[in-house]
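Data block below; observations after.
The values are calculated or read from the model by the stated rules, or taken from the named source; none is laboratory data. Here the structure is a predicted model, which is why all the values come from computation and not from measurement. Quick reminder, even Gly has a Cβ in these numbers, built from the backbone with ideal geometry, and neighbours come from all protein chains shown.
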Amino acid sequence: MYPSIFYFSNTLAEIVLVEGSRVFESWKSPPPPVFMEFFFFNVTNVEEVLNGEKPEVNQIGPYTYREYRYKDNVTMLDNNTKVSAYNAKSFVFLGDKSVGDPDVDNITTVNIPIWSFFLNFMIKGTKSRLFTTRSVQELLWGYEDALLDRIASSGTDVERVFGLMYKVCTGLTEKKDNNNDKSSSVF
C-alpha cells in the first residue's frame, strides 16, 4: 500500500509545473523540432498575363526553416502557484534543406498588397504593379510596399510592410537566421 502512495507522490511532483521538474524543462524548451518548408510559384510570363494570357509558373522550393519555441523571462508568481513567461519563437534558415539562398533568389509573383486593395486610383501615383519580383527573404519576412506606404500615409491604420510571415515574426534581429516574436502569458 505504501509503495503506490510513494509512486503517486513522485509522479505528481514530476507533472506539476515547478522549476526543476522534467515537465517544467520540457515546457520551457519544447524538445521536438518543428520545420517549416516554403514553396513559391514563380510567374515566368508576366507581360503575357497582363495581356490576358494564362500564367506560366515554376514551383521553387523548399526554403526550409527550423522553428524554435521557448519560454523567456520565466518568473514564478503568487507563491509559486503561477508562472509568467514570454512565448518566444525564432526561425533559423536551413541551407542544407533548401534549394537556394532566400536573400539572393528572386521570385516573380502576384503583388499581394495590390491584389488585396485592387483599386485603380490607388495604383496611380505609386510604383506598384500587379506583379512584383522580390527575394524569398522579403516575401517571407517583409518588405516596404509603395501602395501600403501610400495608404498608411493617408492616416489609415495599415502596415507599410508586407510579408507572408511578417505578422508571425516581427523584429528581425539577425538577417536570414533569427526572427523573434515574443508574447507574454501567465500559466
Per-region count, region 74-115, residues touching a residue at least 24 places away in the same chain (Cβ under 8 Å), among the polar types (S, T, N, Q) and within 28 Å of PHE24 (Cα to Cα): 4
Residues of region 59-81 being surrounded by 11 or more Cβ atoms within 10 Å (Cβ to Cβ) and under 28 Å from ASP101 (Cα atoms), in sequence order, are ILE60, GLY61, PRO62, TYR63, THR64, TYR65, ARG66, GLU67, TYR68, ARG69, TYR70
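Please state which one of SER90, SER183, SER128, SER116 is part of a loop (DSSP other than H, G, I, E, B) and either modelled with pLDDT under 75 or crowded, with 17+ Cβ neighbours inside 10 Å (or both). Quick ask: steps written out before the conclusion?
Working: SER90 fails: part of a loop (DSSP other than H, G, I, E, B); SER183 fails: part of a loop (DSSP other than H, G, I, E, B); SER116 fails: part of a loop (DSSP other than H, G, I, E, B).
The conditions single out SER128.
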Where residues in region 28-58 are loosely packed, with under 11 Cβ neighbours inside 10 Å, of a type outside the set (Asp, Glu) and more than 28 Å from the chain's Cα centre (by Cα), which of them is nearest to GLY163 (Cα to Cα)? LYS54
